[in-house]
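The values are calculated or read from the model by the stated rules, or taken from the named source; none is laboratory data. Only a predicted model underlies this, so the values are computations on that prediction, with no experimental measurement involved. Cβ placement follows ideal geometry from the backbone for every residue including glycine, while neighbour counts extend to all protein chains displayed. Note: areas computed on protein heavy atoms with side chains; ligands, DNA, RNA excluded. Shrake-Rupley method; radii C 1.70, N 1.55, O 1.52, S 1.80 Å.
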Amino acid sequence: MCGIVGYIGKKNSASKFVLSGLQSLEYRGYDSAGIALLSKKPQVIKQVGRVEGLANQVTDEKADSHIGIGHTRWATHGSPTMLNAHPHYNTDQTVFVVHNGIIENYQELRERLVSEGYSFVSETDTEVVPHLIDFYLRKHKNFFTAFGLAIKDLEGAYAIAAIYDKEPETIYVARLSSPLVIGVGKDEHFIASDATALMDRTKKVIYLDDYEIAAITSDNVSVHNIKEAVEVKRAAEELDYDHEKAELGDYPHFMLKEIHEAPQTIQAAIRGRVRADTNTIKLGGLEAVSQQLKYIDRIVIVACGTSFYAGLVGEYLIEEIAGIPVEVQLASEFKYRKEPFSRSTALIAISQSGETADTIAAIKKVENYGVLTLGVVNAVGSTIARITDAGVYCHAGHEQSVASTKAFIAQVTVLTEIALHLSEGRTPLYKPVLQELLELPDKAKQVLENAPEIEKLAKKYSSYRDFLYLGRNYAYPCALEGSLKLKELSYIHAEGYAAGEMKHGPLAMIDKDFPTFAIACDSELMEKTISNIQEIKARKGPVLAIATEGNKKVSQHADDVIYVPSTLEQLQPLLVCIVLQLFAYYVAVEKGYNVDRPRNLAKSVTVE
Ligand code: M6R
């Protein structure tokens with residue numbers, strides 16, 4: 001949700017770094033982009049739309065600078081226009097600011113500044129910041145003081161970078177509940193919303209904490225905590241992972257590429273953790289809290305979107321395999337609920353990006369209850385990975401497409417491992433699930449071989465306006481996730497339902513124009529789902545189903561069937577979801593939509 005990037009160094013190459021950084025942060029927002037450089041005189045270049053368009057405008061190498069900040073926007077306040085694009089500046093055009101987050105008290109600040117004679121050109125919340133800095137600068141004549149005072153006035157969430165025409169040796173940054181990382185180079189520093197944007201240049205990073213501001217020159221970073229009014233000593237940390245630059249290869253879209261990475265994703269999530277010869281699970285990230293885990297009698301999972309649905313699969317897995325009661329809550333609801341906690345509760349936060357504002361707020365909410373917090377996170381070094389007590393990384397690699405696909409597969413794999421780990425081998429399911437997990441990469445490959453068939457069916461069903469997804473037990477969260485994928489990519493109205501709920505309302509919608517995607521793989525409850533399919537057919541609803549290879553019953557009732565290899569019911573989501581992801585992908589392609597950048601969305605949701 002908005003990406004910010006900055007460079008200060010001894011070389012005149014700010015625009016090169018800022019533009020390439022913005023390109024890798026474009027998943028955070030792609031409504032408009034902009035850059036501010038301080039060369040002989042300040043330059044601000046903006047563009048509505050993609051970073052590529054901005055890069056085409058920044059062509060004058062002689063005009064490049066040793067200092068610059070850039071921004072890619074996901075609009076919150078005001079539509080995507082040139083005036084609303086960042087950087088924003090004061091009336092004299094001496095102070096330039098980029099911002100990620102939401103300034104909740106901006107109306108009040110704006111009124112205050114207007115009464116002081118300031119005028120505004122944009123509808124954004126951000127524009128108050130350069131004016132506020134200007135206001136304090138006139139009083140205190142010192143930029144760092146003015147910057148700190150302005151930041152103290154802000155309420156909400158922000159990562160902010162500012163540069164000042166009269167101090168072209170320094171970038172000023174601030175952070176509260178929004179990610180910001182400083183990269184340390186030789187005679188240069190980089191800033192970015194996410195470490196992936198600077199990993200090509202350095203692996204040494206400094207993370208800022210809430211209420212911290214920093215003044216960054218080419219060879220120094222000085223950090224202050226504005227709440228406690230103290231200087232903070234912060235050493236650089238070494239990032240301990242390699243970032244593969246996201247390349248499309250022969251794939252037309254990142255989403256298709258990432259779905260096709262499912263076998264390697266499962267493999268990466270089990271590598272070194274699941275041992276077939278000894279039937280053991282080793283989760284290094286949980287070792288430090290192994291004693292505490294023994295006393296856990298309740299687990300609350302918090303997450304948003306696709307990660308929430310992975311959490312629902314986790315609920316079925318942990319309850320059935322480990323016998324511990326689990327509740328899955330939407331992080332955005334959980335953080336405002338007033339519910340009791342005991343020290344024997346553990347909270348598991350699931351997040352691909354590790355930066356989702358609601359999920360971070362949910363973790364912070366339990367900080368004072370002595371609740372053990374665990375992260376199931378993909379992005380290494382992200383906020384959630386750092387603020388939880390312990391956790392298990394997903395190791396899915398960088399996910400570029402806005403729709404979460406391989407990350408979901410990795411999250412479900414990790415949750416299966418956590419369920420097995422918590423069971424301490426006390427369930428008869430332990431060995432079969434553990435052994436079968438090792439077969440899943442090959443089975444995922446077999447599902448992917450079916451892609452041409454899924455593409456054909458996607459074309460057949462792409463012109464419907466509505467879709468119902470149905471499943472029972474482990475297939476129910478898959479139905480929810482399948483419907484989310486379809487709506488976010490193809491803008492078709494889709495609803496996921498527990499099949500048993502059909503007769504309690506949704507059946508009323510069914511007619512020949514309202515198709516159903518039924519997940520009816522072999523399980524104890526399959527016959528019941530087949531009955532639901534018959535009820536839909538009796539009302540002329542078209543039915544597309546997923547069934548287990550070799551099953552003869554589902555095809556007697558459904559109009560079309562996609563088959564997946566036979567596996568344990570507990571592991572079916574890992575195969576079923578590949579089908580649902582491919583189906584949503586091909587429908588969106590058929591409709592001519594931008595699958596990697598669906599309208600109105602951003603990959604990392606860092607605001608409430
Ligand atoms: O990074 P997170 O996993 O915390 O993100 C949560 C959701 O925003 C995310 O899963 C979203 O629903 C995806 N676009 C779904 O494809």
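Among rounded, prolate and oblate, which fits region 33-79 when a ≥ b ≥ c are the square roots of the eigenvalues of its C-alpha gyration tensor, a/c under 1.5 means rounded, and a/b larger than b/c means prolate? Intermediate results must be reported in sequence, preceding the final value.
Numbers: a/c = 2.90, a/b = 1.76, b/c = 1.65.
Cα axes put region 33-79 in the prolate bin.
Give a residue-ordered list of calculated ³J(HN,Hα) values for region 17-31 (Karplus: 6.51 cos²θ - 1.76 cosθ + 1.60, θ = phi - 60°; whole Hz; x for Gly, Pro).
Karplus-based 3J(HN,Hα) across region 17-31 equals 5, 4, 5, 5, x, 5, 4, 6, 9, 4, 4, 7, x, 8, 7 Hz.
If contacts are Cα pairs under 8 angstrom and at least 6 residues apart, what is the relative contact order of the chain in percent? Mind dumping the intermediate values first?
Numbers: 1374 pairs, mean separation 71.9, N = 608.
Contact order relative to length: 12 percent.
With all protein chains present and a 1.4 Å probe, how do 304, 2 order by accessible area, largest first? Numbers along the way, then the final one.
On the way: 304 40, 2 10 Å².
Highest to lowest solvent-accessible surface, that is 304, 2.
How fast does region 3-243 diffuse by Stokes-Einstein, in µm²/s, taking the Kirkwood radius from C-alpha pairs at 4 °C and 1.567 mPa s? Mind dumping the intermediate values first?
Details: Rh = 17.4 Å.
D = 74 µm²/s.
Can you pull the accessible area of residue 287 for me, 1.4 Å probe, Å² to the nearest 10?
Here the accessible area works out near 100 Å².
What full-extension length gain, to one decimal in nm, is calculated for residue 534 and residue 166 as 0.36 nm per residue of separation minus the Cα-Cα distance? Please report the intermediate quantities before stating the final value.
Working: separation 368, 0.36 × 368 = 132.48 nm, distance 7.40 nm.
Extra length available between residue 534 and residue 166 comes to 125.1 nm.
With every protein chain left in place and a probe of 1.4 Å, what is the accessible surface of residue 10, to the nearest 10 Å²?
130
Would you work out which of 473, 384, 570 lies farthest towards the positive end of the dipole of the chain, given +1 charges on the beta-carbon of Lys and Arg and -1 on that of Asp and Glu, about the Cα centre?
384
Based on Cβ point charges of +1 for Lys and Arg and -1 for Asp and Glu, what charge dipole magnitude is obtained for the chain about its Cα centre, in debye rounded to the nearest 20?
Working: 64 positive and 79 negative charges, 54 e Å.
Taking the Cα centre of the chain as origin, the dipole is about 260 debye.
If you take the square roots of the eigenvalues of the alpha-carbon gyration tensor of region 302-434 and sort them as a ≥ b ≥ c, do you get rounded (a/c under 1.5), prolate (a/b over b/c) or oblate? Mind dumping the intermediate values first?
Working: a/c = 1.73, a/b = 1.10, b/c = 1.57.
In terms of gyration-tensor shape, oblate.
I need to check one value: relative contact order of region 451-595, counting alpha carbon pairs closer than 8 Å and at least 6 residues apart, in percent.
On the way: 276 pairs, mean separation 43.6, N = 145.
Across region 451-595, relative contact order equals 30 percent.
With a 1.4 Å probe and all protein chains in place, put 147, 254 in order of accessible area, largest first.
Values: 147 0, 254 35 Å².
Descending order: 254, 147.
Can you give me the P(r) profile for region 126-178? Cα pairs, bins 5 angstrom wide beginning at 0, each as a whole percent.
Percent of pairs per bin, in order: 4, 20, 35, 25, 12, 4.
Under the rule of -39500 (n - 2.57) per DSSP H run of 4 or more residues, summed and divided by the residues of the chain, what mean residue ellipticity at 222 nm is obtained, to the nearest 500 deg cm²/dmol? Present the calculation step by step, with values, prior to reporting the outcome.
Values: 19 runs with 197 residues, N = 608.
That calculation yields -9500 deg cm²/dmol at 222 nm.
Largest first, how would 20, 423 line up by accessible area (1.4 Å probe)? Could you put the intermediate results ahead of the total?
Values: 20 60, 423 5 Å².
From most accessible down to least: 20, 423.
Shape verdict for region 269-357, please, from the Cα gyration tensor: rounded (a/c under 1.5), prolate (a/b greater than b/c) or oblate. Can you show the working numbers first?
Values: a/c = 1.91, a/b = 1.44, b/c = 1.33.
Since a/c reaches 1.5 and a/b is larger than b/c, the shape of region 269-357 is classed as prolate.
Could you tell me what percent of the DSSP beta bridges with both partners in region 255-449 are antiparallel, to the nearest 5? Each step should come with its number before you reach the end.
On the way: 2 of 22 bridges.
Around 10 percent of the beta bridges assigned by DSSP in region 255-449 are antiparallel ones.
Karplus couplings for region 148-157 from phi (6.51 cos²θ - 1.76 cosθ + 1.60, θ = phi - 60°), rounded to Hz, Gly and Pro as x?
My calculation for region 148-157 gives x, 5, 5, 4, 4, 6, 8, 10, x, 9 Hz in order.
For region 1-145, what is Rg from Cα atoms divided by 2.2 N^0.38 Å, rounded to two decimals? Don't jump to the answer; show the numbers that get you there.
Working: Rg = 14.9 Å, N = 145, 2.2 N^0.38 = 14.6 Å.
Taking N as the residue count of region 1-145, the ratio is 1.02.
Can you tell me the relative contact order of region 255-449? Whole percent, Cα pairs under 8 Å, sequence separation 6 or more. Before the final figure, lay out the partial values.
Details: 352 pairs, mean separation 60.4, N = 195.
It rounds to 31 percent for region 255-449.
For residue 288 and residue 512 in the same chain, what is the full-extension length gain: residue separation times 0.36 nm, less their Cα-Cα distance, in nm? Kindly include the intermediate steps, with their values, before the conclusion.
On the way: separation 224, 0.36 × 224 = 80.64 nm, distance 5.62 nm.
75.0 nm is the gain from fully extending residue 288 to residue 512.
Percent antiparallel among DSSP beta bridges with both residues in the chain, to the nearest 5? Could the numbers behind the result be given before it?
Numbers: 65 of 103 bridges.
That works out to approximately 65 percent antiparallel.
Quick one: how many Å² of residue 476 are accessible to a 1.4 Å probe, rounded to 10?
We get 70 Å² for residue 476.
Report the number of Lys pairs in region 451-595 whose alpha-carbons are under 15 Å apart, with separation of 8 or more residues or on distinct chains.
Taking the Cα cut-off of 15 Å, the pair count is 13.
What number does the chain give for Rg over Rh if you use C-alpha atoms and the Kirkwood radius?
On the way: Rg = 25.4 Å, Rh = 25.4 Å.
For the chain, the value is 1.00.
Can you list the trypsin sites (Lys or Arg not before Pro) in region 479-566 that are in a DSSP coil and have 12 or fewer other beta carbons within 10 angstrom?
Values: sites: 485, 487, 503, 512, 528, 537, 539, 540, 552, 553; in loops: 512, 539, 540, 552, 553.
Of the trypsin sites (Lys or Arg not before Pro), the ones in loops of region 479-566 whose Cβ has at most 12 other Cβ atoms within 10 Å are 512, 540, 552.
Give me the Å³ per residue figure for the convex hull around the C-alpha atoms of region 451-595.
91
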